[in-house]
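All remarks here apply to the structure that follows.
The values are calculated or read from the model by the stated rules, or taken from the named source; none is laboratory data. This is a predicted model, so every value here is computed, not measured. Cβ: placed from backbone, ideal geometry, glycine included. Neighbour counts: every protein chain shown.
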Amino acid sequence: MSSPREEAMEKAKKAAARGHPALRGPVRRERYTHGLGAAQMGALRAMCGALIPALPAEHDGARGGGDMDAERFYLATAAESTVPDEVAELTMTRCVWEAGVLVRIILWILATRVGTLALCGRRCISGEFPYVGRFADMPVERREEVLRRWSSTRWLFPLKITFALIKVLCHFVFYTAVDENSENPSWKAIGYSVPAAEEEPRKEPTEATPAPATAPPCRPLDNGVVETKQLDDNALLMSLAEKGLALKTGASSSAHHHTVLCDVVVVGSGCGGGVAAAVLASAGYKVVVVEKGDYFATKDYSSLEGPTMERIYENGGVFSTANVTTTIFAGATVGGGSAGLALKTGASSSAHHHTVLCDVVVVGSGCGGGVAAAVLASAGYKVVVVEKGDYFATKDYSSLEGPTMERIYENGGVFSTANVTTTIFAGATVGGGSAVNWSACIRTPENVLQEWSSDHGLQLFGGPGYMQAMDAVCARLGVTGRCREEGFQNKVVRRGCEALGLRVEAVPRNSGTSAAAATSAAPPATKRGTDTTWLVDAVERGAVILTGCKAEQFHPREERGGGAAGARSASACGDVQSNGITKKLRIEAKVSISACGALMTPPLLHKSGLKNRHIGRNLHLHPVSMAWGYFPDNTPEPHIQGKCYEGGIITSMHRVTDRTIIETPALGPGAFAALVPWESGRDMKERMRRYARTAHAFALVRDRGAGFVDGEGRLRYAPSHGDTEELRAGLRRALRILVAAGAAEVGTHRSDGLRLRCKGVRDEDVEAFLDEVTVEKGPMHSTTDKWSVLCSAHQMGSCRMGASPSTGAVDGAGESWEAEGLYVCDGSLLPTAVGVNPMITIQSIAYCVAKGIADAVAHGKEH
């Protein structure tokens, strides 16, 4: 019989797996759009089956130890079910187009005998006719040999890239796919269960505060959110009006009318209308005269009575009273006119746009956009936040890795640099990075502030205003000093550091003092991202958040210094992602703010016509390289209890140097399998069997090397030589910490599976192993048979602040050098990498920028 605690935990785990329907899976596709033919899919299916093969049962029964879940796990293969189709779909729809073309070509070649011979060599040859087989016809053991060869080939790097891509996607899909019950058949065998949901603290009712009457649940932002994906044109316009937004055109008018703006409209152009128009136009008013008749100049008239009467007299000159007592002659032509009208909406615009009026439009709702929206709404301005992602409240999240990554991460979590050096993780939901990050709240280091103030000439970082901003941000996020009890991975790091006499710091967090489970997929209930703090403040003060709306470009006012501009001459144009909405949305505002992050702000500014050379340059990623240590359940005392996916994610930190830190990640089964090296199908399954007790620690470097944002979804980045050496030193330190903590085996993510068994190991053996540790380049490089892929969860600097247009994309107030009233307010503003988790830094800069905007508007600068 289960104990009350066990029953409560089981209930919490079921709650964690429920969540919003969009986040609990399984992914249901009406059809696949990858476009691969049957022969190509056969080759891909064979490749997936070699990466995750069905392993025959062992006669001695040692493999699973009589565990039926383990036996089923070993017999499972990725060649079955929908895994290959899902891999194909992700490859063709989420990866850069060059990768899709490469995989398509490789699979086409493998679908032929000659092509298989060219790419696989003698391994496809058999002693039976037709002697050369296609890749799909080869025994699984030979297919594994081919993939191992591809993984380590030096010069045929297209094969290495193909291997790396399919390996990552295949394992991610296999270990994150869930059925209708939100279960994966492999999870029990690898020691994984969906982490229990953390419940928000509940206050017991008292006489003074009785329990509230039952009411439908309300999400914190519901009063301000317009979820456009669920609406059609009429519903959108009604929702916008209900939120208090002024509309210029709507489905009831703009679809059938052209709208003209003027000061005076005069209906009729005769003796009265003509005089009135002249007098008012002379007084400086814009006058529109509406005349149903035609305009004929003097030279147009003829003396032909019939045709002239027909065109210039009322009713063609055939007009009398109803009682036929009097014949009427009245003019029906233009007696005067005015020209030079400014059409506000016409066939070229209003037929395609809904127009909304506000004071400030903010594109993006993350660390920068959320803070800016709150500050400006609190200052009394009407704010509209445009967010391409969806809104999920805390209770909506599930802890299911696959479905959640698909909906709340940029590009569904499948995002890397174009040169395949670094895997990128970035939020794409209401709350942005603050909704998906790992809760670390570290203030901007003093040495970084000094550098930005002195070396970059930015006064903002040298004065008390920025320190006050950090205080305000930490107070609003409810930052706490440390948690009461750490999770498994952080305990490992702390024990290892203490054993080596190294200093380990507690990391401030914005998710309470408990160490409740927080996966890479779902935040804990007590976490305070912008979606539960700043955006709530903004909505309470009248801000409106449009979800499912992707900004395409700004239409900025004239260049800075070009003279006064109209109150609403700046606007943003966005595409609403709904089949029911037929028009784009145009938002006219006094101030436009790009806050869509360091990856998306540069493309948006380029599409808006901005040319500053720093836009899209100076991209810093805080590259991360990971080490792992395996701690069997039967390790001798003192035993570190727990599992790798339990507990707070980052609660401890060790500083290796002033540019390198060591922290712990959150890796669900899918991310774990995607990142660890593949040496064979059997070895990979053995690694996965140890998943729950494998602790990871990563080295993060404040990178000097910088990359480029070439366009939406296209990045180029490679760490500098100095960054690589810093990473190597950090990785070596992380491995020492894991060994000192009592790991039975340690290793890295290098493609050759570098590892060390620690039982009985001598100090000199450890040193020899550490000497072999390297941080390799990505699979595109042909200089070595080894490769690795770095990770990044922090993106900064791609539209950095500068003291002049020659040093930065925007000025020290965040305003574009090229367009007045257009600001940047996100992580792209950072002058350099910050060297620690950047959430507090980004929000503090956004706070200062937004305060400056409010002051500027209040003093008439934007009018």
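Here are some notes:
- Some residue of segment 824-843 being surrounded by fewer than 22 Cβ atoms within 10 Å (Cβ to Cβ), outside the structural domain of Lys167 (by TED's automatic domain parsing) and outside any helix (DSSP H, G or I): yes
- For segment 683-725, the set of residues classified as farther than 23 Å from Gly670 by Cβ and among the aliphatic types (A, V, I, L, M) consists of Val701, Ala706, Val709, Ala718, listed by residue number.
- Looking only at segment 362-409, residues that are of a type in the set (A, V, I, L, M) and at pLDDT below 95 come to 4 in all.
- Selection within segment 410-452: residues that are charged (D, E, K, R) and closer than 27 Å to Trp534 by Cβ. The member of this set that is farthest from the chain's Cα centre (by Cα) is Glu446.
- Segment 143-183: number of residues that are within 25 Å of the chain's Cα centre (by Cα), closer than 19 Å to Arg123 by Cβ and hydrophobic (A, V, I, L, M, F, W, C): 1
- In this structure, Arg736 qualifies as in a helix (DSSP H, G or I) and over 26 Å from Thr841 (Cα atoms).
- Filter result for the condition that a residue is touching a helix residue (DSSP H, G or I) at 6+ places or on another chain (Cβ under 8 Å) and under 16 Å from Pro838 (Cβ atoms), over Phe425, Phe415, Phe392: Phe425
- Filtering segment 755-782 to residues that are buried (at least 17 other Cβ atoms within 10 Å of the Cβ) and at positive phi leaves nothing.
- Selection within segment 559-581 - at pLDDT below 70 and either surrounded by 15 or more Cβ atoms within 10 Å (Cβ to Cβ) or at positive phi (or both): Arg560, Gly561, Gly563, Ala565, Arg568, Ser569, Ala570
- Restricting Asp785, Asp752 to residues that are at pLDDT below 95 and either at positive phi or touching a helix residue (DSSP H, G or I) at 6+ places or on another chain (Cβ under 9 Å) (or both) narrows the list to Asp785.
- Inspection of segment 633-651 finds no residue satisfying the criterion of being of a type outside the set (Val, Ile, Thr), surrounded by fewer than 23 Cβ atoms within 10 Å (Cβ to Cβ), touching a residue at least 60 places away in the same chain (Cβ under 8 Å) and within 30 Å of Gly821 (Cα to Cα).
- Selection within segment 841-856 - farther than 18 Å from Cys799 by Cβ and touching a Leu at 6+ places or on another chain (Cβ under 8 Å): Ala854
- Selected residue [touching a Leu at 6+ places or on another chain (Cβ under 8 Å), among the aliphatic types (A, V, I, L, M), surrounded by fewer than 21 Cβ atoms within 10 Å (Cβ to Cβ) and modelled with pLDDT under 95] from Ala57, Ala8, Ala62: Ala57
- When Glu98 is tested against (1) buried (at least 16 other Cβ atoms within 10 Å of the Cβ); (2) out of contact with any strand residue (DSSP E or B) (no Cβ under 8 Å at 6 or more places or on another chain); (3) touching a residue at least 24 places away in the same chain (Cβ under 8 Å), just one condition goes unmet, and that condition is (1).
- Those residues of segment 495-511 which are out of contact with any Pro (no Cβ under 6 Å at 6 or more places or on another chain), of a type outside the set (A, V, I, L, M, F, W, C), in a loop (DSSP other than H, G, I, E, B) and closer than 23 Å to Leu477 by Cβ, in sequence order: Pro508, Asn510
- Ser578 part of a strand (DSSP E or B) and among the polar types (S, T, N, Q): no
- Within this structure, Gly812 fails the test of being under 30 Å from Pro158 (Cα atoms), assigned to a loop (DSSP other than H, G, I, E, B) and either touching a Leu at 6+ places or on another chain (Cβ under 6 Å) or not aromatic (Phe, Trp, Tyr) (or both).
- Test set (1) buried (at least 24 other Cβ atoms within 10 Å of the Cβ); (2) under 20 Å from Pro195 (Cα atoms); (3) among the aliphatic types (A, V, I, L, M) - Leu700 fails condition number: (2)
- Number of residues in segment 810-863 that are modelled with pLDDT of 95 or more and basic (Lys, Arg) equals 1.
- Scanning segment 128-173 for residues that are in a loop (DSSP other than H, G, I, E, B) and of a type in the set (A, V, I, L, M, F, W, C) yields Phe129, Met138, Trp155, Leu156.
- Breaking point among (1) crowded, with 22+ Cβ neighbours inside 10 Å; (2) in a loop (DSSP other than H, G, I, E, B), for Glu485: (1)
- When Lys14 is tested against (1) at pLDDT 90 or above; (2) of a type outside the set (A, V, I, L, M); (3) surrounded by 14 or more Cβ atoms within 10 Å (Cβ to Cβ), just one condition goes unmet, and that condition is (1).
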